[in-house]
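Here the structure comes first, spelled out in structure tokens, and everything after it is commentary.
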Amino acid sequence: MAYEHPRCDHCGDVGCKAGTPGKFKFCPTNVSGYGKEEIAERYSEPILQKMMTVAAKVERGTLQEVNGVRTPIRPRISEIMAFADEMGWKRIGVAFCLAARDEALRLVKVLEARDFEVCSIICRNFGMTKGEVGIPEEACLKSPSETVCNPIYQAELLNEAGTDMNIVVGLCVGHDMLFNKHSNAYVTTLMVKDRMTANNTVGPLYSNFFSEILKKK
């Protein structure tokens, strides 16, 4: 099969990590018309430069030497708070799914304990039904009268609140995309909902779950 776009999954040595990309045909450096200087220029905007610097500082603060081994010393929620601290962001939005309400409540308590101002909104805000947003009966669990997630207004209401950063907690596939697209503030994800795996979204990749698909391939 001929490719005209990057296929980093085909690379054998990840030369880009060592600063030596371009060793195989479909490396981004070989299929893109961009050069390093042009790409680096994209990060010159002050807010982007600051975010890249802060991301590096948060990574450095999370991976530290323990008995001679580089070891993670804090979970993602702590990284998120450290990032917000470094950016000077104080008003945090929490967009959560009804199915992740318990996790969201715990998150809010932690954020408030760290003196962040929290604005939270559940997916079922306004109590809209699936029928009201044009979802046909055959696409519903039971009927068009059941309530539906409302990710666009989760974003809009947090926009009105003027949040500095929004945290997604367990939004459904598709709803998370709509939320991210309509959010004015930068968005990070604390939790991804996976009903089958107790939210361990990558677990099936390490199991035999997709074995039949792989056999067919």
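The values are calculated or read from the model by the stated rules, or taken from the named source; none is laboratory data. Not measured: the values here are computed from a predicted model. Positions of Cβ are backbone-derived with ideal geometry, glycine not excepted, and every protein chain shown enters the neighbour counts.
Of the residues making up region 117-143, those that are free of Cβ contacts under 8 Å to residues at least 24 places away in the same chain and part of a loop (DSSP other than H, G, I, E, B) are Met128, Lys130, Gly131, Glu132, Val133, Gly134, Ile135, Pro136, Cys140, Leu141, Lys142, Ser143.
Scanning region 64-86 for residues that are among the polar types (S, T, N, Q) and out of contact with any strand residue (DSSP E or B) (no Cβ under 9 Å at 6 or more places or on another chain) gives Asn67, Ser78. For region 175-212, the set of residues classified as assigned to a helix (DSSP H, G or I), polar (S, T, N, Q) and closer than 23 Å to Val148 by Cβ consists of Asn180 only.
Specify which of the listed residues (Phe116, Phe96, Phe179, Phe83) is modelled with pLDDT of 95 or more and touching a Pro at 6+ places or on another chain (Cβ under 7 Å).
Working: Phe116 fails: touching a Pro at 6+ places or on another chain (Cβ under 7 Å); Phe96 fails: touching a Pro at 6+ places or on another chain (Cβ under 7 Å); Phe83 fails: touching a Pro at 6+ places or on another chain (Cβ under 7 Å).
One residue alone meets the criteria, Phe179.
Can you spot a residue in region 109-116 that is over 19 Å from the mean Cα position of the chain (by Cα) and buried (at least 16 other Cβ atoms within 10 Å of the Cβ)? Yes - at least one qualifying residue is present in region 109-116.
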